[in-house]
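Have a look at the structure below before the remarks.
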Amino acid sequence: MKHEWSSKFTFILAAVGSAVGLGNIWKFPYITGEYGGGVFILAYLFCIALIGLPIMLAEVALGRRGKQSPVNTMTQLSLEAGGHPAWRLLGWSGMVAGCLILSYYSVIAGEVLAYSFRASSGAFEHQTVDGIKGILNSLVSDPEKLLAWHTIFMALTVLAVAKGVRGGIEKTVTFLMPALFILLIFLVFYAMTTDGFGQAVDFMFTPDADKFFYARSELGQYLLDANGEKIFTWKPMMVAMGHAFFTLSLGMGAIMMYGSYLNRHVSIGQMVLIIISLDTLVALLAGLAIFPLVFANDLNPAAGPGLIFETLPLAFGNMLGGTLVGTLFFVLLFFAALSSAISLIEPTIAWLIESKGIRRIKASVMTGIVVWFIGLGTIFSMTGTTLGDIFQPLVGNISLNSGLFKYNFFQLIDLLTASIMLPLGGLFIAIFAGWVMQQDSTEREFSFKNRFVYPSWQFMIRYVSPFLVAIVFLNIIGIF
Ligand code: PHE
């Protein structure tokens with residue numbers, strides 16, 4: 001046994017560190033805004049409970065039983081269960097997904113880092129909506145700036161993984177995650193004092209099915225077909241399900257990897273419940289901190305990836321002590337992103353070390369360089385500069401079940417990973433844990449105290465979760 005967490009708390013912290021990140025604070029609010037609020041949040045919570053929970057249990061159990069990187073864990077476990085060696089492909093697709101996600105994650109995390117400096121220099125003080133938009137624009141339309149911050153973030157990620165999981169991750173998460181949590185609660189209190197709070201609560205918790213199921217333009221108007229009818233789309237459902245995987249770090253081996261460092265005697269069920277509750281809580285708090293500002297300032301909830309960079313600085317600029325609070329917030333968000341980034345490449349690094357005999361430092365640098373390169377695609381699709389044309393062949397219109405959507409490189413990678421690779425990975429993990437592995441081994445791995453829990457998990461992982469993922473996929477390809 002090479003590594004193990006120092007205690008079950010460090011496992012929780014690391015897993016929460018992986019789960020809580022840009023997904024909760026940057027992505028969740030903007031996709032909730034784009035897909036109309038209430039029903040989207042319901043769909044997301046539904047996916048967390050019925051798909052995320054059973055699959056996270058499975059991933060931790062698989063990881064702890066296999067004790068290696070996901071590729072080798074899958075090889076070993078399928079050997080043990082008499083399954084086909086092709087199950088190792090699950091580990092492979094996870095490594096690819098992790099690197100692809102990190103490539104754009106790093107660009108956004110770079111923006112967060114840039115905003116820490118902007119905040120500390122007092123740039124947001126007494127700014128108007130237009131002023132704040134100008135600050136964001138000057139960053140995202142300048143490829144050199146984005147490139148510099150992306151490079152810095154990747155270098156820091158490489159540094160952190162190179163130091164090894166315990167050295168690198170445990171320290172970052174022990175103090176910083178709780179601090180981020182407290183600051184978020186503070187921001188929700190601040191948001192309560194603005195006059196957009198009621199509207200925000202309405203937006204987030206009053207379901208409006210039309211806004212979810214019918215395609216709308218960026219400005220929120222319904223798109224109409226040739227007969228003047230609204231266009232039905234499954235895309236928001238796909239995004240909600242994909243986000244459940246993304247936010248919980250599931251479907252690509254990150255949680256499996258962390259499970260492999262977990263001590264045999266720890267109760268997996270308890271751990272997973274804590275991780276999922278905290279992750280969901282952070283996302284909802286982020287929504288409650290951000291949407292009141294959207295409505296109080298007449299901003300567009302469907303503004304897209306720039307949403308937190310438009311709303312929060314306005315709040316920081318107008319509150320007492322905002323320079324300090326704003327700086328602290330972006331710095332903490334940066335660390336939350338870093339602890340997620342580490343878990344995105346750890347499966348690849350661990351595999352390179354185990355199977356290729358490469359030293360950790362070298363493996364980290366090599367992987368970091370590859371990811372850095374892929375990140376250029378996202379930078380160019382943000383800036384819209386002519387260099388972006390190089391990526392044009394990859395970009396274009398994709399038709400998803402009667403809705404026509406235009407994608408740039410960043411959106412394409414996001415769609416491919418979060419909405420397709422992670423749910424597909426999760427589907428296969430469910431099938432493997434539910435049908436291929438012997439009941440004996442999973443049962444022993446969990447050792448649930450209550451005798452009803454195991455059969456419930458088994459029912460969920462065998463039937464419910466795979467069925468739900470499959471339904472969303474089938475609808476997307478338009479079979480129904
Ligand atoms: N869960 C992380 C977030 O919400 C992102 C992530 C996805 C991390 C997949 C690891 C694996 O920010």
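With the whole protein complex present, Arg264 retains an accessible surface near 120 Å², based on a 1.4 Å probe.
Reported to the nearest whole Å, the Cα centre-to-centre distance from the stretch 350-385 to the stretch 93-140 is 20.
Candidates Tyr104, Pro347, Gly304 compared by Cα position along the dipole of the chain: farthest toward the positive end lies Pro347, with charges placed on Cβ. Computed over protein heavy atoms with a 1.4 Å probe, the accessible surface of the chain works out to 39 Å² per residue. Taking a point 7 Å out from the Cα of Leu474 in the direction of its Cβ, the residues of the stretch 223-242 whose backbone N falls within less than 19 Å of it are 233-239, 241-242. Computed about its Cα centre, the charge dipole of the stretch 196-333 is approximately 460 debye, with only Lys, Arg, Asp and Glu carrying charge at their Cβ.
Note that the stretch 266-275 has calculated 3J(HN,Hα) couplings of 7, 7, 5, x, 4, 4, 5, 4, 5, 4 Hz, one per residue in order, obtained from phi through the Karplus relation 6.51 cos²θ - 1.76 cosθ + 1.60 (θ = phi - 60°); glycine and proline are x. Where a Cα-Cα gap under 15 Å defines reach, which aspartates and glutamates qualify for Lys133, not counting those fewer than 8 residues away within the same chain? Partners within reach: Glu111, Glu125, Asp142, Asp298, Glu310. Inter-label distance, Leu416 to Asn263: 4.2 nm, where each label sits 7 Å from its Cα along the C-beta direction. Here the Kirkwood formula puts the hydrodynamic radius of the chain at 22.6 Å, using every distinct Cα pair.
Only one residue of Ala114, Tyr261, Thr383 has its Cα farthest out toward the positive end of the dipole of the chain, where Lys and Arg carry +1 and Asp and Glu -1 on Cβ, and that residue is Tyr261.
Reported to the nearest whole Å, the Cα centre-to-centre distance from the stretch 22-58 to the stretch 236-297 is 8. Modelled spin-label separation between Val365 and Glu218, with each label point placed 7 Å from Cα along the Cα-to-Cβ direction: 4.1 nm.
Sorted by accessible area with a 1.4 angstrom probe, largest first, how do His265, His84 fall?
His265, His84
Placing unit charges on the Cβ atoms only, positive for Lys and Arg and negative for Asp and Glu, gives the chain a dipole magnitude near 1700 debye about its Cα centre.
Among Lys8/Lys356; Lys67/Lys449; Lys67/Lys163, which pairs are too far apart, with a Cα-Cα distance over 25 Å? Violating the 25 Å Cα-Cα cut-off are Lys8/Lys356. In the stretch 1-87, if the dipole is taken from +1 on Lys/Arg beta carbons and -1 on Asp/Glu beta carbons about the Cα centre, which of Gly33, Thr10, Met74 is farthest to the positive end? Going by the Cα projections, it comes out as Thr10.
The values are calculated or read from the model by the stated rules, or taken from the named source; none is laboratory data. As the structure is a computational prediction, the values presented were derived from the model and not from experiment. In this analysis, Cβ positions are derived from the backbone assuming ideal geometry, glycine residues included, and neighbour counts consider all displayed protein chains. The protein model used for the area step is the full one, side chains on, heavy atoms only, and it has no ligands, DNA or RNA in it. Shrake-Rupley method; radii C 1.70, N 1.55, O 1.52, S 1.80 Å.
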